[in-house]
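Below: the structure, in structure tokens.
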Amino acid sequence: MQRIQQLLSIKYPIVQAPMLGVTTPAMVAAVAEAGALGSLPVGGLSPGRTRELIRATKALTQRPFAVNLFAHAPAPEIDHQAIALMQDFLAEICREYQIPYTPQNPHDFRFYYYEDLIEVLLEEKIEVVSFTFGQLKAKVIDAFKQNGTRLIGTATSVAEAKVLAKAGIDIITVQGIEAGGHRGTFLHNQPLPQVGLNALLPQVVDEVNVPILAAGGIHNARTLQAAFALGASGVQVGSLFITAHESAASDAYKEAVLKAADTSTVLTRTFSGKWARGIQNQFMRRLNATGVSIPYYTHQNQLMSPIRTYAQQHQLTDFMAMWAGQAAGKSRRASTQEIVEGLIRMLPG
Ligand SMILES: Cc1cc2nc3c(=O)[nH]c(=O)nc-3n(C[C@H](O)[C@H](O)[C@H](O)COP(=O)(O)O)c2cc1C
């Protein structure tokens, strides 16, 4: 346990999961101030916005925090036919729900890849960089290592954990199928690996010799203890922070999380083109029922982006991507400080 605290310069082996669209600089800073590791998500954001968010976080805390990247390869060729069919469906369903919809030109799609952000992270002397959706290129790993940056990768299978460990990644987050948000899967997507934390964690611990963070469904003393008993050196907790006062989630999303049952979430590609766990809603049901094929990430993500923003602003839960894990209903409205201090108190002796 001590090893992970030394590696990350933190007092407690608890990581607040990066949650794009939910995590704010205020949340990250509050976690850091409490002695745990806050994570600032910047996956897909521009270098300018990334720097702004890092500076906003630094203005609130002098403690180290992690910055989180999406390490996927660039999207494959644009599938114009699939995008046209999807836009027909979106136009129709938006008309039905009176949501403004303007068709997009796929040539205007813009997404920043992690390599666009490395310079900013090095310049800002970020001490911990975590990533999901892939493995960093060797030259990027070298650049971070020369800078003394600690690296945390995400694995959803033993094979992925081995790939990360072999490349010298310092810590691995093992993401069980219970976890909210996107799957970090990057090796074999067809079919998607769906291993529960209880089965995955001890198998990864047996196979790789780096400290492991357990992620997925961790919410109370028993789940924390189980993670450590199964060999984790620390935990990464996401869903419990969605309802934090410092969260950027809309009030309707927070209410849906608070009311969620164990069975309320599903794995879906409907909102982004990449598998993710979220609270089931009408948009997911309707798109799945049509059988229309879903364009790849990041294309579907870009098509959905204006609809999701409108839904967030108008509290339309049926069109929001309400990412949440299978134990998200165990959350409560509280400050980030209260939530993280609650977790610290529950750490095994
Ligand atoms: C709303 C939400 C957004 C997420 N966004 C990210 C992200 O940007 N980067 C990332 O590495 N993981 C992301 N995740 C996954 C978390 O890192 C973590 O695996 C998950 O929250 C753990 O399971 P739990 O939600 O049951 O605690 C997200 C999870 C949620 C709930």
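Here are the numbers for the structure shown:
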| quantity | calculated |
| --- | --- |
| Selected residue (only one of 43, 35, 21 is out of contact with any Gly (no Cβ under 9 Å at 6 or more places or on another chain), in a loop (DSSP other than H, G, I, E, B) and closer than 26 Å to residue 349 by Cβ) | 35 |
| Leading residue by the ranking (most open to solvent (accessible area, probe 1.4 Å)) among those in region 147-173 that are over 22 Å from residue 3 (Cβ atoms) and among the polar types (S, T, N, Q) | 157 |
| Residue under evaluation residue 177, criteria (1) away from the ligand (no atom under 13 Å from the Cβ); (2) crowded, with 18+ Cβ neighbours inside 10 Å, criterion not met | (1) |
| Scope region 198-223; condition closer than 22 Å to residue 266 by Cα, assigned to a helix (DSSP H, G or I), within 15 Å of the ligand (Cβ to nearest atom) and among the aliphatic types (A, V, I, L, M); matching residues | 200, 201 |
| Qualifying residue in region 286-299 (condition: over 26 Å from residue 212 (Cβ atoms), aliphatic (A, V, I, L, M) and open to solvent by less than 20 Å² (accessible area, probe 1.4 Å)) | yes |
| Residue within region 53-69 that is in contact (Cβ under 8 Å) with a residue 60 or more places away in the chain, more than 17 Å from residue 213 (Cβ to Cβ) and surrounded by 24 or more Cβ atoms within 10 Å (Cβ to Cβ) present | no |
| Total residues in region 308-331, condition within 14 Å of the ligand (Cβ to nearest atom), out of contact with any Asp or Glu (no Cβ under 6 Å at 6 or more places or on another chain) and outside any helix (DSSP H, G or I) | 7 |
| Any chance residue 236 is under 19 Å from the mean Cα position of the chain (by Cα), within 12 Å of the ligand (Cβ to nearest atom), of a type in the set (S, T, N, Q) and at pLDDT 95 or above | yes |
| Scope region 76-102; condition within 17 Å of residue 320 (Cα to Cα) and polar (S, T, N, Q); matching residues | 98 |
| In region 1-14, residue farthest from the ligand (Cβ to nearest atom) [restricted to those that are hydrophobic (A, V, I, L, M, F, W, C) and open to solvent by 20 Å² or more (accessible area, probe 1.4 Å)] | 1 |
| Candidates 142, 116, filtered to the one that is open to solvent by 10 Å² or more (accessible area, probe 1.4 Å), touching a helix residue (DSSP H, G or I) at 6+ places or on another chain (Cβ under 9 Å) and of a type in the set (Asp, Glu) | 116 |
| Qualifying residues in region 224-235 (those that are assigned to a helix (DSSP H, G or I) and open to solvent by less than 30 Å² (accessible area, probe 1.4 Å)) - the one farthest from residue 161 (Cα to Cα) | 224 |
| Scope region 48-89; condition within 16 Å of the ligand (Cβ to nearest atom), more than 16 Å from residue 115 (Cβ to Cβ) and of a type in the set (A, V, I, L, M); matching residues | 53, 54, 66 |
| Meets criteria (within 14 Å of the ligand (Cβ to nearest atom), of a type in the set (A, V, I, L, M, F, W, C) and in a helix (DSSP H, G or I)) for residue 287 | no |
| Of the criteria (1) assigned to a loop (DSSP other than H, G, I, E, B); (2) over 17 Å from the mean Cα position of the chain (by Cα), which one residue 273 fails | (2) |
| Residue in region 15-24 that is crowded, with 16+ Cβ neighbours inside 10 Å, more than 22 Å from residue 112 (Cβ to Cβ), at pLDDT 95 or above and not acidic (Asp, Glu) present | yes |
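Condition check ((1) among the aromatic types (Phe, Trp, Tyr); (2) outside any helix (DSSP H, G or I)) across all residues:
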position: 51; (1), (2): no, no
position: 74; (1), (2): no, yes
position: 85; (1), (2): no, no
position: 89; (1), (2): yes, no
position: 94; (1), (2): no, no
position: 104; (1), (2): no, yes
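This table checks each residue for (1) within 30 Å of residue 222 (Cα to Cα); (2) among the aromatic types (Phe, Trp, Tyr); (3) buried (at least 23 other Cβ atoms within 10 Å of the Cβ); (4) in contact with a Leu (Cβ under 6 Å, 6 or more places away or on another chain).
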| position | (1), (2), (3), (4) |
| --- | --- |
| 310 | no, yes, no, no |
| 315 | no, no, no, no |
| 318 | no, no, no, no |
| 323 | yes, yes, yes, no |
| 327 | yes, no, no, no |
| 337 | yes, no, no, no |
| 342 | yes, no, no, no |
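The values are calculated or read from the model by the stated rules, or taken from the named source; none is laboratory data. Just so you know, these numbers come straight off a predicted model, no measurement behind them. Please note: Cβ atoms are built from the backbone with ideal geometry, for glycine as well, and neighbour counts cover all protein chains shown. Areas reflect the complete protein model, heavy atoms only, side chains present, ligands, DNA and RNA absent. Shrake-Rupley method; radii C 1.70, N 1.55, O 1.52, S 1.80 Å.
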